[in-house]
Amino acid sequence: MRVHLTLRSDNKKTGKIPVSMTEQSSCPNSCAWIKKGCYAKYGPLRLHWDKLSGKNSGSKVKKKHILSWSEFIQKVRQFPIGQLWRHNQAGDLPGKNKRINFRMLAQLVRANKGKKGFTYTHKDPYIPGNRMAIEYANANGLTVNLSADNLEQADRFVALNIAPVCVVVPSEYAELKTSFYTPAGNKIVLCPAARKDLNVSCDSCRLCAFPKRKAIIAFLAHGVAKKTVSQRASLNIVEG
């Protein structure tokens, strides 16, 4: 499994922290956005992701940034103590389709010891092995957020009590500058980095890196397919 690693991101929302990307085969086929809606499948990011995944030899992504899994683990191990970093601006946890490879994830958890890595997953948390892997990562310093596709699914993920939860919300939620709530009464906070009235990045916010966080973080539908994403995020229930 190949990983792209940028040691100092130029993305304004992320801030100047290390950011990784895992090849497309890591994504589960059940992901609601795999056919249409995934922001990583549009624009410059798609060119880099395709190159990483062996689909675009013409991309200008530097080969020195493309690592094998073992090389990636070694790089993470060398991060300074306390370093905040984001795993997977595109891609998912190691493993085939819906299933997480516990051995590979455990390697990443150990390499991250003393650092503040965080990531998100669309892997099925109801599969026992996945549930155990996600819970293990969060208990040992690597924050894995469960990615929900609407508010009701977010409530179901919160009820699992194994990981912090994030959710995609329609783009019109941008008008909500205060917290709001799910149908089950769980508090939702709009991603501060998505708010135009705040000068915040992942580096200064760090909410997604708190494994015991109670609030659900909401990400606005954005990008070329934001209309499609907004429509799906508005559904009461999204079946995988």
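Which pairs do you get when a residue that is in a loop (DSSP other than H, G, I, E, B), found in the stretch 21-36, comes within reach of a residue that is at pLDDT below 90 and of a type in the set (Gly, Ala, Ser), reach meaning Cβ atoms under 7 angstrom, with the pair 6+ apart or on two chains? Close Cβ pairs satisfying both conditions: Glu23/Ser53; Ser30/Gly240; Lys36/Ala225.
Being surrounded by 16 or more Cβ atoms within 10 Å (Cβ to Cβ), more than 23 Å from Asn29 (Cβ to Cβ) and not acidic (Asp, Glu) narrows it down to one residue among Leu146, Leu142; which is it?
Working: Leu146 fails: more than 23 Å from Asn29 (Cβ to Cβ).
Residue meeting the stated conditions: Leu142.
Total residues in the stretch 1-26 satisfying the condition of being closer than 25 Å to Leu190 by Cα and either under 16 Å from the mean Cα position of the chain (by Cα) or crowded, with 18+ Cβ neighbours inside 10 Å (or both): the figure is 10.
Taking residues in the stretch 166-177 that are closer than 13 Å to Ile217 by Cβ, and partners anywhere that are modelled with pLDDT under 65, the pairs with Cβ atoms closer than 7 Å and at least 6 places apart or on different chains are Val168/Val229; Val168/Ala233; Val169/Ala233. Among the residues here, Asn138 does not qualify as touching a Lys or Arg at 6+ places or on another chain (Cβ under 6 Å), among the polar types (S, T, N, Q), at pLDDT 95 or above and farther than 14 Å from Gly82 by Cα. Within the stretch 161-194, the residues that satisfy the criterion of being hydroxyl-bearing (Ser, Thr, Tyr) and either under 24 Å from Pro125 (Cα atoms) or at pLDDT 90 or above (or both) are Tyr181, Thr182. When you check Val144 against the structure, is it in contact with a Leu (Cβ under 9 Å, 6 or more places away or on another chain) and over 30 Å from Ile81 (Cβ atoms), yes or no? It is false that Val144 is in contact with a Leu (Cβ under 9 Å, 6 or more places away or on another chain) and over 30 Å from Ile81 (Cβ atoms). Of the residues contained in the stretch 106-115, none is found to be assigned to a strand (DSSP E or B) and buried (at least 18 other Cβ atoms within 10 Å of the Cβ).
Here the stretch 209-236 is the region considered, the condition is being under 20 Å from Glu152 (Cα atoms), touching a Lys or Arg at 6+ places or on another chain (Cβ under 9 Å) and not basic (Lys, Arg), and the residue that is modelled with the lowest pLDDT is Val229.
The values are calculated or read from the model by the stated rules, or taken from the named source; none is laboratory data. Quantities reported herein were computed from a predicted structural model and do not represent experimental measurements. As a convention, Cβ positions derive from the backbone with ideal geometry for all residues, glycine included, and neighbour counts pool all protein chains shown.
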